[in-house]
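The values are calculated or read from the model by the stated rules, or taken from the named source; none is laboratory data. Only a predicted model underlies this, so the values are computations on that prediction, with no experimental measurement involved. Cβ placement follows ideal geometry from the backbone for every residue including glycine, while neighbour counts extend to all protein chains displayed.
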Amino acid sequence: MKKKVLLIAALFTAGLSFAQDGLTSKKGVPILPEAGDWSIGFDASSLLKYGGNMLNGNTNNSLAPMGDVNANTVYGKKFIDANTAYRGMLRLGFGTSGIDTLVNKTGTTTDEKVTDEKNSSSFNITIGGGKEYRRGKGRLQGVYGPMAMISLGTSSTENVYGNDYSADNPGTGRVTETSAGSTFGLAIGAFGGVEYFFAPKMSLGAEIQWTIALNSTGTGESTSEAWTGTAVESTTTEMAGSSSFGFDTRPNANITLNFHF
């Protein structure tokens, strides 16, 4: 928290170098957004950590990886006028990972090794939109309005074993593949927050959402194999889905950095 305060203070001090009359810079560039402007923004938490660590001399000043939903989300706006804008958000993610584990090879008396492999993949997309209203005549602007989001996602895992089941290596069962049910999410509600313009058409903002949210996960499948005494037999079972519904508040983004043009 201290690191973020230091960096925000530095940005605020820099912003004071611009003329306040008419809210334009010394070169006459408007500081606040105008009709027809576009805006793009992203989560600035890792950037503030980096800057804060530089200010206090901390050696742990690497840019932190963005690992949460909001950090991987891009925000955009189209201003109808100085106080009204249409806004959208998009998160499109696809990831794969693999873990290899060395195990002893069965049926031998040596230290020969084979590899067990675990490969995972996932896909998710979140799309949202809303209408933004603004209040305030200075650099500090209040923002609020209605919003809605929809999300879809899938994930799966495959296990490949270095030691096959056989008469020399019988086994009662192990999972070879899982496929989670597709997830669906829908949120409808409102947002509110603040945005501070520390330079012409550049701002830091923070928001809270109030939403009615529905989340659902469909049925999935799990495949396992076992040694029957004469052969390897595969069995596929269904995994139950789940659903939830609720009304709550949650941080939309800790701090966002926004550029208007």
task: Please work out which one of (1) surrounded by fewer than 17 Cβ atoms within 10 Å (Cβ to Cβ); (2) closer than 30 Å to Gly145 by Cα; (3) of a type in the set (A, V, I, L, M) is the condition Ala213 fails and give its number.
output: (1)
- prompt: Looking only at the range 27-60, which residues are at pLDDT 90 or above and more than 16 Å from Tyr75 (Cα to Cα)?
  reply: Pro30, Ile31, Leu32, Glu34, Ala35, Gly36
query: Has the range 205-220 got any residue that is under 30 Å from Gly41 (Cα atoms), of a type in the set (Phe, Trp, Tyr) and in a strand (DSSP E or B)?
result: yes
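Looking only at the range 112-143, how many residues end up being surrounded by 17 or more Cβ atoms within 10 Å (Cβ to Cβ) and closer than 30 Å to Phe197 by Cβ?
Taking the range 112-143 first, the residues surrounded by 17 or more Cβ atoms within 10 Å (Cβ to Cβ) are 124, 126, 128, 130, 132, 134, 139, 141, 143.
Okay, now just the ones that are also closer than 30 Å to Phe197 by Cβ, so 126, 128, 130, 132, 134, 139, 141, 143.
Qualifying residue count, the range 112-143: 8.
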task: State which residue pairs qualify: first residue under 9 Å from Tyr165 (Cα atoms) and touching a residue at least 60 places away in the same chain (Cβ under 8 Å) and inside the range 221-233, second residue part of a loop (DSSP other than H, G, I, E, B) and among the β-branched types (Val, Ile, Thr) in any location, beta carbons under 7 Å apart, and separation of 6 or more residues or different chains.
output: Ala226/Thr172
field: Gly130 being part of a strand (DSSP E or B) and without any contact (Cβ under 8 Å) to a residue 24 or more places away in the chain
entry: no
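Residues checked against (1) within 29 Å of Lys131 (Cα to Cα); (2) touching a His at 6+ places or on another chain (Cβ under 7 Å); (3) surrounded by 15 or more Cβ atoms within 10 Å (Cβ to Cβ):
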{"position": "Ser166", "(1), (2), (3)": "no, no, no"}
{"position": "Thr183", "(1), (2), (3)": "yes, no, yes"}
{"position": "Leu186", "(1), (2), (3)": "yes, no, yes"}
{"position": "Lys201", "(1), (2), (3)": "yes, yes, yes"}
{"position": "Thr223", "(1), (2), (3)": "no, no, yes"}
{"position": "Val232", "(1), (2), (3)": "no, no, no"}
